[in-house]
Structure formats: structure tokens, C-alpha cells
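Worksheet: one structure, shown below.
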Amino acid sequence: MSTDCPAPLTHTKNRTRYVLFMYAATFLLWAAVWTWAVVDMRSFKKNEIEYAMTNASLMTNALKEYTLAITSKVSVLLSSLIEMHKDNVITGKNLPEVTQSLNGYMQQFPEARVFFVSDAEGDILASTDPPLTNIAHRTYFQQLRDNPGTYLLVSSRPEYDSEKQQCMTIFGRRIESPKGEFKGIVAAKIPCNFFENFAGTIHLPPHGTLALFNSDRKLIARFPPDTKRIGIQYSPDQPIFAGLRAGQLKGSFFWKSMIDNTERLYYYNSMQDVGLPFIIVLGQKKDWVFRAWYQRGIIHAALCVLVALVSLVGLRGWQSAAKHMDMVALTQRLTRDMEEKSRENRILLNSIPDPAWMVDAESHIMTVNKALLNFYQREEASILGLSFLEIIAPEDNETLKQGSQTILDTQSTGLQTMWLTGADRQARPFEISRVPLFDETGKLYRIVGIARDLTERYEAESRKQVIGQIFDHNSEGIVILDKDLRIMIINQSLRHLSGYSEEELIGHFPGEFLATKIDQRFVRTLVQQMKSNGAWNSDIRILNKKGVERLFLCRVVSMTDKQSGVKNWIAFLSDLSKHRETEERIKRLATIDSLTGLPNRKGFIDSLDERLADHSVDGLVVLNLNRMSRINDAYGHQAGDFLLQRVASRLRKTLRDHDVIGRLGDDNFGIQLVTSDSKNIEHVVKKVIAAIARPTLFRSQPIMCTACAGVCMVSGSHQRADDLLRKADAAMRQAREAGVNTYSFFSENLGKTLIQRVQREADLRGSLERQELMLYYQPQMEIPSERICGCEALLRWKHPKQGMISPMEFIPLAEETGLILPIGKWVLEEACRQNKVWQNQGLPPIVMAVNLSSVQLQNEQLIDDVSSALLKSGLDPCWLEFEITESILVAKQMNPTLRALKDLGVRLSIDDFGTGYSSLAYLRHFPFDKLKIDQSFIRDLNTDSGAAIVRMVLEMAHELRLKTLAEGVETQEQFDILMDYQCKEYQGYLRSKPIPAASFTQLLQSAKSTARAQV
């Protein structure tokens, strides 16, 4: 009798193990699909929110710019009204004329409902909407009356007009007498629903909302309109106002609307950063934001259910068949099926719309779905068993290999975004998800991969970027084409010009609407030209919907990306039939300044030559604007461009029609005057300078500049334009040296002065090589010990023919010509060398003070020059001090340079303190060690006001732990007062004037001997 175990028992154990293995493998496969679905849904939801936020930001910024444009326009009109009728308002005369001007402004600015003017008691003097009333009790009137510094007031509390049933925002400006006394206001009422009118032009998503709140949390406008809610004050606990209190001017949140009980994603954008008391809020319905995400979730859920059902059906069928099959044959068949391909895996993979595959641990393909075969246009039999890297494009190998290696290294699920090239040789973006499968021993034996096509999302984002760059209300017609030259998007202007709706144009070729039919050869030539040049320009004739032929200037540019080359074409269409002046303007572009619309230098000179030949010009004026560089540094170049445009506008208004104005350069203007009376020209120049000096409002900030003018009278019949310009330039430079808001007439003496200046510049250029420059030293003394603690190095020039030349003459010339850089480097090296020589002679060590000009501070080589001078001389940096004039420090860009100098170990002193701009601000922002009080204050020490200023500066410096030095001390009385005020150091003729190095050496030796004798 056999003692072996019964065969059924052995089969039962094997079958149980295999059942458990099959359940585990099915669970892992289902878990892989579920994990991929969860990761994909999270990523997709995040992308949908980001897209909605970007769309909201574009729309609110458009409304913000529109509101700023309204504010700027109102400000300009109010300013113009004050300029025209200030005297009438102050005197109460010619009020009908004021009312007539107000009505004219209503036509220029249809957005406004009322323009009105009041006197200092609040009585309305003139208004476009009688009856006249008193507004003295109004908050905006009181704010303008009690705050002289207010340039433009935008009321934070809109006024409700019960007759018009509208909410009004007040824009107001003060009217002042020449002495600055309050004489009344001029104001405009703008309906808050101007926001609603603009919002109606923006393509809001379904059930989307736009709202405008004021700083008091009151709803003042809403789109779609809801008059019942206008004026309601919202709770301060709402997320909008809670975020604003926390300093967040922009933000987003989900919230259920109290108006229609709809949950939305809200995005708010405060206008406090541009000085306006409004908050813009855009709401997008939550269901609309997540509409694509919900659809994707349904697809993923169905896929997971399908995988589970297929797996369960397969397992059930396998268990039923296993009861009637031999355990050994069943095991062999299952092993063979798992190695080749399983029917269940094929059903799963083919149900996935995106390319999917399964590879072994060595990346050999086990099975793929139909989507992958279609993408690479391959047969399944031709790729099974191959390495996955063998079927993809060579350019994709390295990136895909890195993703696969990451899975092998981490043994975990991974995501990778990359571009794959299909059989059509077009690269497309995919998000690849890989899930590793393990056997009973925990060893990786399969990898399942799915590539989700991101082309649609990328194209949507690309369209979003394109649309974000195009303003739908551009006066030009704009059409966006796809890479195959089919119409994708058109703007409102093109719909108006063509008469076609968006649905009638999208998807069509532009050639279908041309008056002249074109052949394919022309299209190929056009596309080739656009691809090679990036643009195409031509005149075309288009038939509108009514069949009327119109002429357009068509300009086409391409939009490309690095991956696929040309993605879109953008065509700009200008209606030449309505703008016939365009051709003339194009011809004149070479002689017109694009920023101001005035003749440029070439156009101005051509005009001047023509008028000189016709004897129709009597005087030439060259204007130079001051402080333009400071305005650009403080507010940006947009502010500078805006100011230049305002100056051009004011010149047109100030001068007569037959006077020619031109822009000669960055901040230079030219004027051709027709009058032979120099006194009359002088009167005109004064008017022009006064007009330029008036403040200009830029983004609610007043900016202003001054001007200097040079005048050259036309004399004789053989004058040339370039000669006149040269003489007027010379007169302008003379006026600029005299100060701001000045003018000068050219004279023969001035011509001689110019020749002398050119000669002096030539002499100065060779002064270093000829060793004509030298340093003088003026001692700096301690108070009250009278010990020499330092000296200031002062530059002197001994001309071989003219003798000693004043630094006031040649140093500005050196700064203007750039010669200050080599001269300043020599001064630095010589001062360091001389100080080290004194120390080597055993004399008491002192601080050497060297002046730095603005040109040197802006030189990138300054730090290297200082390091080189210290290294050559061997001087310790603590014995070197740089004096920097306060007026240089207007731009904060100087701060990094000053801190770099401090890092070298040298000392910094602010020179001529009190004579520059915003002095107290520099003491906080810049790393100074010493403060030098300007000698103009020291001269007034014997007066109460002068003594008070010096005492205040000393106390302030003491609190800030800064040393103090008084400049220009000449009398014992000044010294005694400074000692009483506890000033630390002084410098001036009381002790010594600037002396050569040899004399200063004797002074140091004498001080050393005196110190020894005292010991």
C-alpha cells in the first residue's frame, strides 16, 4: 500500500495558493489604475483653479486700467478747467463762460454726469446740472478745503443721486489764489455704473459676476446689474475685507453668494496701490470652474469600475474552469498566458483612450493597447518583445530612459511630463504615469505605463496667453489664425468692420473674404515670407457682409514656441478707407517723433532750412528739461515719456499756429518763432517756461520739471539751420548754468566763451600728463583740543599760461566731459600715497578726506580703483574717508555702491549737509560715519535761526551716533558757539586755508612738537 498524500489534497493546496496569487495580482493592477486616477485628478484640479485665477487676474487688471484711465482723464480736464477759469471763479465774474466750458467738457467726457464749480463757502457757481446748491456740508468739499496738499481727490464715499437713481463717485480739485488761499473747488460726478458698462464688454463665464466695492465695504456697482444691492455695506468679516486688513491687496476664496445662493470662486484686486479707494471682485461659478474636472472624474470612475468588473469576471471564470482541469495543466496554461498576454489586460488597456503599455523589468514590451499602436502606426506583432526605447523616436530616448530608471530606483509609482514624437513626426506633450508590479517575493517583474495627451491643455493655455495680449477694443481689427491659416479668434473691431459674426468667420480661411481671389502659389509664397521674416505687410481689399469693398492695411506676425515652431499667426487690419491720412503719416514717420508727434531733429532742421530760405522765421529757441533723469529714476521711464508728451501738448497750446515746435533729442525741444521783436520773443519764452513748470499728474502722483531756454535771433540772409542750432544750444547751456527756469540770448561774447571753453577742455585733457594738477590739504581740527585729526584733499590746477584756475571752473567741465574719472583716480592714489608718507615719517596718523563726484559713484570701476589705491600705497582703509555731496544722493541706486565702499573699511561722510533734498531720509538709508554741516549755516551762527538749525543738526547727529564737522569756521565767535553746542570737529580759515603738501608736513611736525612739549 502506498503511503503518499492523496492527490486531491495536493491539488487543493496548489489551487488555493494560485487563487491568492491571482487575487493579489488583480488587486495590484486595480490599485495601479486607481492611484493613477487619483494623481491625475489632483493635478488636473490644481490646473483648473490656476487657469480660473489667471483669467480672473486678466479681467480685473483690464478693469483696473480702465478705471485709472477714467481718473487720469478727469484729472486732466479738471486741471485744464482751473487753468482757464481760475480768475473767473476767484472774482465771481464771467460765470456763463465757465458754465459753457463745463458743457463742452461734458461732450468730451460722456462718462461724466455732472461738472460743477463752487466758491470757498460751498456755493455752486456753475454746473452742467442746475439747480445750484450749497455743498459746504459734503465730506469731499471739506477734505479739499482743509487739506492744501491734496492734488486730486477721489471720494471714498460715493454720493447717491435720488433724482437720477444713480450712485456717483466724486473727483475734485482745489482752486487756490496765487498766494495759496482756498477759493473753491472744481469737481465731476462719475456714475459708478461706468464699471458695469465696461464689464458688459468683457466675456464673463456663465453665471460669472463682477463687483466694485469702496473702502467702506459698500457695493457701488455690480454686473450683472442688481440695483437692490447697490449701497449695502458688507460685513468686515468677509474674506475680502479680512484679507485687505492683513495687507493682501489681491487674493481668492470660495464663497456662497448671498444674492443668488451660488457658490463661486472669487478673486479680488484692490486699487489702493494706485491711490483709488476701490476693490474689484470677480466671481466664477464653482461648477463652471470644475466642469472639465467633473467630466474627467466620471471617466476615471468608470474606468476603475470597468477594471474591477473585468478582473472579477476573469477570476470567476478561472475558478469555474479550474474545477474541471488538471492542476498541472492549469498552472502551465496560466503561466503561458501571463508570459505572453492576458485577455483581461488587453481589455483593460484597450479601454483606456490614451496610449498604454506593460513591460517587464528589462523594459521589453509585453502588451500594448490600440491607442499606442495608432500613435506610432505599428502592428502589435512587430513590437512585442522589443525594448520600448526601440519603438519611440530617437530624440525621446534619453528623457524616457530617465523616467524608467527612476521607477527602477524608487520601486514606486512615478509621474513624468515630456514631449513624444509620433508617426506623423509631430511632437506632442504627454503626462506619463508608471506603476510597478511585484511578485510574491517582492521583486519587480512588470511596469504598467499610461501616457495622457496634454495637447488640448497646452493649446488652451497657449490660447489664453494669446488672448491675454490682445485688447478686444483695439481700434484695429485683429484676427488670430492657427498654423494652417484658419481663423481662430477675432476681436470686436473686426466684427464691426466686416459685419460678420464670430460664428460666421471662425474655421474659415481669410482668403474666402478677399475681394480679389488668390491662388495657392500666392499662399505658399506668403507663408514662406512670414516664416523667413516673421511678418508680412500689404494692402488688401476685403468684402464686408453687405458686399461693400474696403481697403485695409494688413500686418501679419507669427507666434512660435521652441517645441513645434509656428503655433499661430496674428493679423492686424487698419481701415485705410476711413483713415486716409495714414499714408501721409507713414511718409512723414522719418521726420516725426513717435512719442510726442512733433517733428524730430531731422524734420525740425528741414523745416528751419525751408523757412530760412523763405525769410519766414525770426528767432530760434532751444529748450532743455531739467530733472528728467531723476523723474525716470524715481517713477520709471513711463513717467518720463508721459511728462514729455504733456510738455509737447503745453507747447502747442502756448504757442501760435505758425510757430514750429520740434523734439531735438531726449529732453530737448526747439521752437521757430515768427517775430522780429526780441522783447516779444522774451515774453513768449517766459510763458513757455512757466507752462512747463506746472505740475503734471501721473498715476495720481504730481510730477514736475523745470526748463532752461537758449534764444538765437535770425540776422542776415545767409543763415544755416545747423549754425543757428549750435548758437541756441550754447545760449541754452549758459542758461542752465545760471539755474532753473532761466533763459539766455546768444551773443558774440558767448561765442567767444564757447571757443574758450573748448580750448580749456583741450588743456584739461593733457593736464595730468603735463603734471599741472596738484593737491592742497586743509586741516580738520578736534574741538576743543585743537588737535589735527584729519585733512581734506582739494584739487588745484596750475595752468602754464593762465596760472591757478579755480576749481569752480574746471571741475564741472571735468564732470561734464568724463575727465573726472581719470583725474579722480589720480587724486585718490595721490591722497593715499601722501597720507602713508606722513605716517612713515612718524607723524601723527590722520584721516585723509577725498571728495567723490556723482560721475565717479556711477562708475563700475570705483570699488576696484579704491582697492588698488589702498594696495599700492599700503594705507590702512580706516585712515581714508570719502566725502559725498548730499545733492548726489537723490537716487537710491547709490546705496549698494556706498555699502561696497564700507565693506572695504573706509569711512563715509555726507558733505554740505542741509543743502540737498530730503536730508533726513539719507541718514536712515545710507551708511554714513560723519556729517559735515554746510558753511552757509555756520556763517549764520550769530543769528537765532542759524544757531537753531546748527543746534538741531548736532542733536540729531548725536542721537544717530554720527560724528559732526563744521565747515567754513572763520571766527573765534563761531568756534566758541560750536564748542558750547558740543560739535566734535571743525574746518576753516580760522585754523588754516588749504596748503600744499610740504606746508602741511610742517604743520603736522609743529603739532607733534607741541604735543611732546605738553607731555
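Can you work out which of the residues in segment 687-727 that are among the charged types (D, E, K, R) and more than 16 Å from Asn626 (Cα to Cα) is surrounded by the fewest Cβ atoms within 10 Å (Cβ to Cβ)? Before you say what the answer is, go through the steps one by one.
Restricting attention to segment 687-727, the residues satisfying the condition of being among the charged types (D, E, K, R) are 687, 694, 699, 720, 722-723, 726-727.
So of that shortlist, the ones also more than 16 Å from Asn626 (Cα to Cα) come out as 687, 699, 720, 722-723, 726-727.
Working: Lys687: 12, Arg699: 17, Arg720: 12, Asp722: 10, Asp723: 12, Arg726: 15, Lys727: 24.
That would be Asp722.
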**Prompt:** Could you say whether any residue in segment 265-282 is out of contact with any His (no Cβ under 7 Å at 6 or more places or on another chain), more than 19 Å from Ser155 (Cβ to Cβ), loosely packed, with under 14 Cβ neighbours inside 10 Å and not polar (S, T, N, Q)?
**Reply:** no
**Message:** Among the numbered criteria (1) modelled with pLDDT of 80 or more; (2) open to solvent by less than 30 Å² (accessible area, probe 1.4 Å); (3) over 18 Å from Ile190 (Cβ atoms), which one does Arg42 miss?
**Reply:** (2)
**Item:** Residue list for segment 384-403, filter: β-branched (Val, Ile, Thr) and either touching an Asp or Glu at 6+ places or on another chain (Cβ under 8 Å) or open to solvent by 50 Å² or more (accessible area, probe 1.4 Å) (or both)
**Value:** Thr399
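Table: residues versus (1) among the aliphatic types (A, V, I, L, M); (2) under 30 Å from Lys1008 (Cβ atoms).
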| position | (1), (2) |
| --- | --- |
| Glu786 | no, yes |
| Cys791 | no, yes |
| Leu795 | yes, yes |
| Gly803 | no, no |
| Ile811 | yes, no |
| Thr817 | no, no |
| Pro822 | no, no |
| Val827 | yes, yes |
| Glu830 | no, yes |
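Condition check: closer than 25 Å to Thr26 by Cα, out of contact with any helix residue (DSSP H, G or I) (no Cβ under 8 Å at 6 or more places or on another chain) and open to solvent by 20 Å² or more (accessible area, probe 1.4 Å). Does Thr406 satisfy that? Break it down into steps so the answer makes sense when it comes.
Values: closer than 25 Å to Thr26 by Cα: yes; out of contact with any helix residue (DSSP H, G or I) (no Cβ under 8 Å at 6 or more places or on another chain): yes; open to solvent by 20 Å² or more (accessible area, probe 1.4 Å): yes.
So Thr406 fits the description; yes.
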**Fill in**
Checked Ala308, Ala302, Ala292 against criteria (at pLDDT 70 or above and under 48 Å from the mean Cα position of the chain (by Cα)); the one match is Ala292
**Asked** If a residue has to be assigned to a loop (DSSP other than H, G, I, E, B), of a type in the set (D, E, K, R) and farther than 12 Å from Val74 by Cα to count, how many in segment 86-112 make the cut?
**Response** 1
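Of everything in segment 204-235 that's among the β-branched types (Val, Ile, Thr) and open to solvent by less than 60 Å² (accessible area, probe 1.4 Å), which residue is farthest from Val281 (Cα to Cα)? Outline the logic, then answer.
Within segment 204-235, the subset among the β-branched types (Val, Ile, Thr) is 209, 220, 227, 230, 232.
Filter once more, keeping what is open to solvent by less than 60 Å² (accessible area, probe 1.4 Å): 209, 220, 230.
Values: Thr209: 8, Ile220: 12, Ile230: 14 Å.
Here the answer is Ile230.
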**Message:** I need every pair where a residue in segment 849-868 that is over 18 Å from Glu830 (Cα atoms) has its Cβ under 8 Å from the Cβ of a residue that is among the β-branched types (Val, Ile, Thr) and open to solvent by less than 10 Å² (accessible area, probe 1.4 Å), sequence separation at least 6 or different chains.
**Reply:** Leu857/Ile884
**Prompt:** Could you list, in sequence order, the residues of segment 237-253 that are surrounded by 13 or more Cβ atoms within 10 Å (Cβ to Cβ) and either small (Gly, Ala, Ser) or touching a Leu at 6+ places or on another chain (Cβ under 9 Å) (or both)?
**Reply:** Ala242, Gly243, Gly251, Ser252, Phe253
**Prompt:** Counting only residues that are touching a helix residue (DSSP H, G or I) at 6+ places or on another chain (Cβ under 7 Å) and open to solvent by 30 Å² or more (accessible area, probe 1.4 Å), which one in segment 293-304 is farthest from Ile170 (Cα to Cα)?
**Reply:** Arg296
**Item:** Looking only at segment 929-947, and only at residues there that are of a type in the set (D, E, K, R) and open to solvent by less than 70 Å² (accessible area, probe 1.4 Å), the one that is farthest from Gly790 (Cα to Cα)
**Value:** Asp934
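Name the single residue that is modelled with the highest pLDDT among those in segment 80-114 being over 17 Å from Lys183 (Cα atoms) and open to solvent by less than 30 Å² (accessible area, probe 1.4 Å). Explain how you work it out, then say what you get.
In the first step, residues of segment 80-114 are kept if they are over 17 Å from Lys183 (Cα atoms); the result is 96-97, 99-114.
After this cut, where a residue has to be open to solvent by less than 30 Å² (accessible area, probe 1.4 Å) as well, the list is 101-102, 104-105, 109, 112, 114.
Numbers: Ser101: 82, Leu102: 84, Gly104: 82, Tyr105: 79, Phe109: 77, Ala112: 81, Val114: 87.
Step by step, filter segment 80-114, then rank; the result is Val114.
Conditions (1) surrounded by fewer than 18 Cβ atoms within 10 Å (Cβ to Cβ); (2) touching an Asp or Glu at 6+ places or on another chain (Cβ under 9 Å); (3) under 26 Å from Val38 (Cβ atoms); (4) modelled with pLDDT of 80 or more, marked per residue:
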| position | (1), (2), (3), (4) |
| --- | --- |
| Ile447 | no, yes, yes, yes |
| Arg452 | no, yes, yes, yes |
| Ala460 | yes, no, yes, no |
| Arg463 | yes, no, no, no |
| Val466 | yes, no, no, no |
| His473 | yes, no, no, no |
| Leu481 | no, no, no, yes |
| Asp484 | yes, no, no, no |
| Ile490 | no, yes, no, yes |
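Of all residues in segment 790-825, count the ones that are among the hydrophobic types (A, V, I, L, M, F, W, C), open to solvent by less than 70 Å² (accessible area, probe 1.4 Å) and out of contact with any Lys or Arg (no Cβ under 9 Å at 6 or more places or on another chain). Please lay out each step first, then the result.
Our first condition is that a residue be among the hydrophobic types (A, V, I, L, M, F, W, C); within segment 790-825, this holds for 791, 793-795, 797, 804-805, 808, 810-811, 813-814, 819-821, 823.
In the following step, the residues that additionally are open to solvent by less than 70 Å² (accessible area, probe 1.4 Å) were identified as 791, 793-795, 797, 805, 810-811, 813-814, 819-821, 823.
Okay, now just the ones that are also out of contact with any Lys or Arg (no Cβ under 9 Å at 6 or more places or on another chain), so 791, 793-795, 797, 811, 814, 820-821, 823.
Residues flagged as among the hydrophobic types (A, V, I, L, M, F, W, C), open to solvent by less than 70 Å² (accessible area, probe 1.4 Å) and out of contact with any Lys or Arg (no Cβ under 9 Å at 6 or more places or on another chain) within segment 790-825 amount to 10.
Of the residues Val557, Val622, which is open to solvent by less than 70 Å² (accessible area, probe 1.4 Å), at pLDDT 80 or above and under 29 Å from the mean Cα position of the chain (by Cα)? Before you say what the answer is, go through the steps one by one.
On the way: Val622 fails: under 29 Å from the mean Cα position of the chain (by Cα).
Sole residue among the options that is open to solvent by less than 70 Å² (accessible area, probe 1.4 Å), at pLDDT 80 or above and under 29 Å from the mean Cα position of the chain (by Cα): Val557.
Tell me whether segment 650-658 contains one or more residues that are assigned to a loop (DSSP other than H, G, I, E, B), of a type in the set (Lys, Arg) and under 26 Å from Leu612 (Cα atoms). Break it down into steps so the answer makes sense when it comes.
If we filter segment 650-658 for residues that are assigned to a loop (DSSP other than H, G, I, E, B), which is where we start, we get 655-658.
Within this subset, residues satisfying the condition of being of a type in the set (Lys, Arg) are 656.
When the remaining residues are screened for being under 26 Å from Leu612 (Cα atoms), the result is 656.
Within segment 650-658, one or more residues are assigned to a loop (DSSP other than H, G, I, E, B), of a type in the set (Lys, Arg) and under 26 Å from Leu612 (Cα atoms).
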**Item:** Odd one out for Val274 among (1) at pLDDT 75 or above; (2) within 30 Å of the chain's Cα centre (by Cα)
**Value:** (1)
**segment 135-147 residues that are in a helix (DSSP H, G or I), paired with ones that are open to solvent by 70 Å² or more (accessible area, probe 1.4 Å) and not aromatic (Phe, Trp, Tyr) (beta carbon under 9 Å, 6 or more apart)** = Thr139/Arg157; Tyr140/Arg157
**Message:** Taking the criterion of being of a type in the set (Val, Ile, Thr), modelled with pLDDT of 85 or more and open to solvent by 10 Å² or more (accessible area, probe 1.4 Å), would at least one residue in segment 115-122 satisfy it?
**Reply:** no
**Message:** If a residue must be in contact with a helix residue (DSSP H, G or I) (Cβ under 6 Å, 6 or more places away or on another chain) and of a type outside the set (Val, Ile, Thr), how many such residues does segment 601-627 contain?
**Reply:** 7
**Prompt:** Mind checking which pairs have a first residue in segment 274-300 that is under 27 Å from Arg457 (Cα atoms) and a second that is hydroxyl-bearing (Ser, Thr, Tyr) and at pLDDT below 80, Cβ under 6 Å, 6 or more apart or different chains?
**Reply:** Leu282/Thr60
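The values are calculated or read from the model by the stated rules, or taken from the named source; none is laboratory data. Predicted, not measured: the structure shown is a model, and the values here were computed from it. Ideal geometry is used to build each Cβ from the backbone, glycine not excepted, and the neighbour counts take in all protein chains shown. Accessible surface is based on the protein model in full, side chains and every heavy atom, while ligands, DNA and RNA are left aside. Shrake-Rupley method; radii C 1.70, N 1.55, O 1.52, S 1.80 Å.
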